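The values are calculated or read from the model by the stated rules, or taken from the named source; none is laboratory data. Since the structure is predicted, the reported quantities are computational estimates derived from the model, not experimental observations. Cβ coordinates were reconstructed from backbone atoms using ideal geometry, including for glycine residues, and neighbour counts include every protein chain displayed.
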Amino acid sequence: MSDIKPRITALGSHVPATCVTNDELAAKIDTSDEWIFSHTGIKSRHIADDETATSDLAIAALKALSKEQNIELDTIDALIVATATQDYPGFPSTACVIQAKLGLPPIAAFDISAGCTGFIYALEIAKALAASKTYRRIAVVGSEKLTAITDWTDRNTCVLFGDGAGCAFVEMSDTGHEIVDSVLHSEGTGASYLSIPTGGTAYVDESTIEGNPRKIHMDGRAVYNFAVRVMCSVIEELVVRNGCSTDDIDWFVPHQANSRIIAAAAKRLKIDLEKFYINIDQYANTSAASIPIALAEMAQKALLKPGQRVITVGFGAGLTYGGNLLKW
């Protein structure tokens, strides 16, 4: 008897060719490789050029998936793009821009804004769309050009971010990787901890804001404390309500924001850090792209085996947080 459920059937990713090391950054700002790595776990990041938009990174990831899996992109009938760095403010959505650039026929195409938790949110939305049987193949993309909204005069934040995109196809299938369960939460009271203070309809007087008000502003300590707490709570919620324990989980795939956050959560939960997949050293924080990039990389390295249980867990601006339980 077939076991048809919403599943991830393909993965892909893309990062820009230009790779900037900590030493290269240190030649331009007051920092060092030792300081960046010891505080974040980052060694390098990929940076897109001025002519490359968020939509272009997403398209490159989708084309990489298409080529590797031999799946035509015109078979997509829904496209969800998780991003905090839309091509245009407000509209059109980056998903619609991607649709136009790829020449896709009429489909459901829309963005979601959930910060670094965006891919986790989008995967659960795709699961629901697939289960409705209204849409056959949903493309879920996390794509970010964070370096375009990075304040390069702020030595504490400019070292953290990179550009890239990752994607997945979700469809009803008896093969692939099951999306078993998801946790989606937010704490709006912490919105000011990680934000771009101006540029929206809730106008803020720019003269009252230190630094560049149209770039990322972050209260690092507040975000760190929040992130460690909610990483633990999400993992605990997923394992408890699915009748298992952390020992039953083969891999934890966290949002790649800071290696210290991941290590602190692992220690608090008494989970071997080796079970957490970490690649922040190569890519830095790519926001909504970090988890799909990691999953695609793990698949390419054959680290993910049939039957394994995987938990993704993320946190970000909003403040949002959540996770997915996947069965490989």
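Quick one: in segment 43-71, which of the residues that are part of a loop (DSSP other than H, G, I, E, B) and small (Gly, Ala, Ser) is nearest to Leu295 (Cα to Cα)? The residue in question is Ala48. Flag set for Val228, criterion: assigned to a helix (DSSP H, G or I), under 19 Å from the mean Cα position of the chain (by Cα) and modelled with pLDDT of 95 or more. Could you tell me whether Val97 is surrounded by 24 or more Cβ atoms within 10 Å (Cβ to Cβ) and not in a loop (DSSP other than H, G, I, E, B)? No: the conditions fail for Val97. For segment 20-36, the set of residues classified as surrounded by fewer than 20 Cβ atoms within 10 Å (Cβ to Cβ), in contact (Cβ under 8 Å) with a residue 40 or more places away in the chain and touching a helix residue (DSSP H, G or I) at 6+ places or on another chain (Cβ under 8 Å) consists of Thr31 only. Have a look at Ala222, Ala265, Ala289 and point out the one that is at pLDDT 95 or above, touching a Pro at 6+ places or on another chain (Cβ under 9 Å) and not in a loop (DSSP other than H, G, I, E, B). Only one candidate passes the filter, namely Ala265. Can you name the residue in segment 37-57 that is among the charged types (D, E, K, R) and touching a strand residue (DSSP E or B) at 6+ places or on another chain (Cβ under 8 Å) and, of all such residues, is surrounded by the fewest Cβ atoms within 10 Å (Cβ to Cβ)? Across segment 37-57, the extreme among qualifying residues is Lys43. Checking each residue in segment 235-264 for being over 29 Å from Asp163 (Cα atoms), among the small types (Gly, Ala, Ser) and in contact (Cβ under 8 Å) with a residue 24 or more places away in the chain picks out no residue at all.
The residue list Glu297, Glu236, Glu274 contains one member that is within 29 Å of Ala10 (Cα to Cα), within 17 Å of the chain's Cα centre (by Cα) and of a type in the set (D, E, K, R), which is Glu297. Pairing residues of segment 107-136 that are free of Cβ contacts under 8 Å to residues at least 12 places away in the same chain and not assigned by TED's automatic domain parsing to the domain that holds Ile280 with residues that are outside any helix (DSSP H, G or I) and among the charged types (D, E, K, R), at Cβ distances under 9 Å and at least 6 apart in sequence or on separate chains, gives Thr134/Asp77. In segment 176-215, of all residues being at pLDDT below 95 and β-branched (Val, Ile, Thr), the one that is farthest from Tyr135 (Cα to Cα) corresponds to Thr208.
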